[in-house]
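Please treat every number below as a calculation from the coordinates, not as lab data. All values reported here derive from a predicted model rather than from experimental measurement. A quick note on method: Cβ atoms are made from the backbone with ideal geometry, for glycine too, and the neighbour counts reach across all protein chains shown.
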Amino acid sequence: MDLGVQGRTAAIAAGTAGLGLGTAKALAAEGVRVMVCGRNEERLRAAVNEIGHDALGMQCDVSTDVGAREFVQHAIAELGQIDILVANGGGPPPGGFAHTEFGAYSEALQKNLLSVVAMCHEAIPGMQERKWGRIVAITSVAVRQPIDNLILSNTARAGVTGFLKTLAREVAKDGITVNTIQPGTHETDRITQLYGANLGDVARSIPAGFIGNADDFGKIAAFMCSDAAKFMTGVQLHVDGGAYGGLL
């Protein structure tokens, strides 16, 4: 299927590994010129080489609103414009209520909520001028069904979902779609750190019987950025192998 995005440009935050990298590869394969960012220079170079298609990279930390703004500003300067923004980033540390310091909530909101708001502030005005844009945020299925021992992530991801749903309704008239993808368990560094040797048990707990693949996830994200998806906005799509059990 031709996604109708050849010649478009995309800024993909934290696109050097995992779901961000899978999304960058899928968009680049469709003819989108992409820029990714990451904190580790060696990993950044490797990701740019893996993505190919004249991809660009920037060493940057988007876990703060300052770093998030700098990334989008740099992407606009290098690419000329941003048609597609993929907001993504690592999650805050695990923990429950009793053992989570109050100050950790501010850090988590900065990392997973305010950084996304900052990226949108930089990217959306140009999209509004051109009457075309795609915002896709990678969050977590925890927004629908909070995950034990991840109180910071559960809180921050829910907040960003509310922001993006509101934004979607405001900018729909400008030809901009705003959607979130809520991944379940995928083969990423984050999941390995959280579950380690118990990954086999985690896989067996998923109705599909296996852990998700980042490249498959990227193709779903790429479709959300397609021209055919222009009537799909304000959506929170869970991609989790059937793990979430609710109807809504």
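With no solvent and one equal point scatterer placed on each C-alpha of the stretch 107-220, evaluate the Debye formula and give log10 I(q)/I(0) for q = 0.12, 0.22 Å⁻¹, two decimals.
Results for the stretch 107-220 at q = 0.12, 0.22 Å⁻¹ read -0.51, -1.25.
Tell me, what HN-Hα J-couplings in whole Hz come from the Karplus equation 6.51 cos²θ - 1.76 cosθ + 1.60 at θ = phi - 60° for each residue of the stretch 223-237, using x for Gly and Pro?
Each residue's phi maps through the Karplus curve to give 4, 4, 8, 6, 5, 5, 8, 5, 9, 9, 8, x, 8, 10, 9 Hz.
Taking θ = phi - 60°, what integer Hz values does the Karplus form 6.51 cos²θ - 1.76 cosθ + 1.60 yield along the stretch 206-216, in sequence order, with x for Gly and Pro?
8, x, 5, x, 8, 8, x, 9, 5, 5, 4
Radius of gyration and Dmax for the stretch 196-248's Cα atoms, expressed in Å?
Using the Cα atoms of the stretch 196-248, the pair Rg, Dmax is 14.0, 42 Å.
I need the peptides 114-121, 99-106 ranked by packing, meaning the mean over residues of other C-beta atoms within 10 angstrom, with the highest value on top.
Those peptides, ordered most packed to least, come out 114-121, 99-106.
With the crude spin-label approximation of a point 7 Å out along Cα→Cβ, what separation in nm comes out for TYR195 versus VAL66?
3.7 nm
Rounded, prolate or oblate: which fits the stretch 1-145 when a ≥ b ≥ c are the square roots of the eigenvalues of the alpha-carbon gyration tensor, with rounded for a/c under 1.5 and prolate only if a/b beats b/c?
Prolate, because a/c is 1.5 or more and a/b exceeds b/c.
Among 18-27, 209-218, 227-236, 76-85, what's the highest-first ranking by average C-beta atoms within 10 angstrom per residue?
18-27, 76-85, 209-218, 227-236
Select from ASN49, GLY90, ALA118 the residue farthest towards the positive end of the dipole of the stretch 47-133; place +1 on Cβ of Lys and Arg, -1 on Cβ of Asp and Glu, and compute about the Cα centre.
With unit charges placed on the Cβ atoms, the residue in question is ALA118.
Given Cα pairs under 8 Å that are at least 6 residues apart, what percent is the relative contact order of the chain?
22 percent
Of the beta bridges DSSP finds with both residues in the stretch 9-239, what % are antiparallel, to the nearest 5?
Here the share of antiparallel DSSP bridges comes out near 0 percent.
What does the helix-only formula give at 222 nm for the chain: each DSSP H stretch with n ≥ 4 adding -39500 (n - 2.57), the total divided by the residues, and the result rounded to the nearest 500 deg cm²/dmol?
Mean residue ellipticity, 222 nm, calculated: -13500 deg cm²/dmol.
Using square roots of five times the C-alpha gyration tensor eigenvalues, list the equivalent-ellipsoid semi-axes of the chain in whole Å, biggest first.
Taking √(5λ) for each eigenvalue gives 26, 20, 19 Å, largest first.
With θ taken as phi - 60° and the coefficients 6.51, -1.76 and 1.60, list the Karplus ³J(HN,Hα) couplings across the stretch 62-73 in order, rounded to whole Hz; mark glycine and proline as x.
Taking θ as phi minus 60°, the curve returns 8, 7, 10, 5, 5, x, 5, 4, 4, 4, 5, 4 Hz for the stretch 62-73.
Please provide three numbers in whole Å: the alpha-carbon extents of the stretch 158-248 along the principal axes, with the largest listed first.
Principal-axis extents of the Cα atoms in the stretch 158-248, largest first: 48, 26, 25 Å.
So for the chain, taking the charge dipole from beta-carbon charges (+1 Lys/Arg, -1 Asp/Glu), which of MET35, VAL62, MET127 sits furthest toward the positive end?
Among MET35, VAL62, MET127, the one farthest towards the positive end of the dipole of the chain is MET127.
Taking amide H positions as placed 1.01 Å from N in the peptide plane, with prolines and chain starts having none, which residues 5 or more places from VAL239, or on another chain, fall under 5 Å of its amide H?
GLN182, GLY184
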